[in-house]
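Derivation of every value follows stated rules applied to the coordinates shown; laboratory data play no part. Because the structure is a prediction, the values reported are computed rather than measured. Glycine also receives a Cβ, built like all others from the backbone with ideal geometry; neighbour counts cover every protein chain displayed.
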Amino acid sequence: MLAARSSCVSVAPRSAISPHFDYEVLLLKRSAKSSFMPNAYVFPGGLIDDSDFSCDWVEIFKPFSSLPGFGLGLVQQDPKTRSPMFATDRIKLGSLVPGEVAFRICAIRETFEESGIMLALPQGRTGQKTGELPGAIQHDELNSWRARVLQEPKQFTEMCRELQCMPNIWALYEWSNWLTPPDVGRKGRYDTAFFVCCIQDVPSTAHDEKEIMHYKWEDPMAILSSYKTKAVWIAPPQFYELSRLCNFLQLEDLHQFAVGRGLQGCERWMPLQLSLDNSLVSVLPGDALYPENPDWIDNGVTFPFVEKSDLQEKVCALHRLEFESLYSITVHVNIFPKYKHTHSRGCLMTICYLPSLVTKGSIKTLNIALTVYAIEII
């Protein structure tokens with residue numbers, strides 16, 4: 001079974017002066033009892049709920065609900081290449097809420113549940129390019145609603161109606177889409193949409209002490225350094241996305257990049273694993289070894305045996321993660337990123353003979369603020 005999730009990568013200005021990054025990223029540590037990535041540091045987010053597609057949102061989002069995508073704009077990506085979680089016609093499934101909207105609602109709701117951060121606007125307002133808190137709402141009142149939403153996700157709709165606010169879907173920019181790789185021993189798989197949100201000020205943050213046991217605001221390079229020293233553990237998608245953020249030292253640069261490519265769309269990435277003697281390689285779309293038409297549902301692809309030396313010497317198009325250990329990942333990439341995106345910073349660039357491939361000097365820099373994600377069971 002595939003489950004749909006949404007995640008929000010939240011970025012805010014640093015609370016202390018730094019010679020490098022002027023922003024920090026929010027990470028949450030999952031409980032040791034969690035059924036999904038216990039003890040891992042993750043971006044806020046979680047499973048899609050039926051209430052995220054509730055037609056009640058049409059009334060809450062007036063007058064924007066009459067606009068295409070509730071005013072988010074039209075994604076330029078060819079619908080034939082669009083990820084199924086976005087391309088699915090929700091009207092045929094009984095909802096008037098487009099996937100692009102519902103997954104953002106999910107990401108904002110889960111961010112509120114897990115961290116207490118509420119990304120909202122007063123009803124009737126839009127055009128906000130950064131996440132902001134509803135200033136007129138009292139802290140105690142939000143905490144009371146948070147407890148109710150944690151118990152029953154559909155209370156989020158009721159909260160927005162009662163407080164006369166809207167989830168600030170316009171502050172979340174589509175960033176990436178990761179699909180859990182096939183694994184016979186895995187109980188479930190997740191199709192996850194990641195969004196980025198740049199916040200003007202570091203908001204009050206409090207973990208829920210249920211699914212989340214700790215939180216930290218830290219710059220992306222510091223998080224990756226903590227991972228390398230085994231102080232924290234992050235999953236491969238988080239590693240890749242944090243590495244992407246390392247291209248942006250300034251929050252404003254990250255925000256402008258996210259805005260500029262926000263309607264370009266994104267490619268669905270399902271890593272496929274290739275075992276070697278002393279390491280594991282996770283192959284991503286665009287790599288020469290990646291199948292042209294992968295089986296998204298079945299038990300994956302059986303790769304022919306490949307010598308480790310062949311991985312770089314005989315294969316020109318590279319897009320993969322190489323795992324030496326649980327805390328050691330190297331990104332190998334030399335292909336041009338699709339949809340005006342960027343690759344991870346600090347990756348190993350292997351130069352090949354194909355003139356169309358990207359070399360190190362052609363990679364652009366990027367800055368990111370808040371990452372949110374959403375997941376849907378399909």
Segment 149-207 - Kirkwood radius from inverse mean 1/r over Cα pairs (Å)
15.0
Treating only the Cβ atoms of Lys and Arg (+1) and Asp and Glu (-1) as charged, compute the dipole magnitude of segment 190-255 about its Cα centre; round to the nearest 20 debye.
340
With +1 on each Lys and Arg Cβ and -1 on each Asp and Glu Cβ, and nothing else charged, work out how big the dipole of segment 234-300 is about its Cα centre, in Debye to the nearest 20.
200
If Lys and Arg each add +1 and Asp and Glu each add -1, what is the summed charge of the other residues whose beta carbon sits under 15 Å from the beta carbon of residue 75?
+3
Candidate cut points under GluC sites (Glu not before Pro) in segment 179-275, DSSP loop plus at most 13 other Cβ atoms within 10 Å of their own Cβ, are 209
Listed here are the pairs 29/210; 210/230; 92/338; 29/230; which of them are more than 18 Å apart at the Cα?
210/230; 92/338
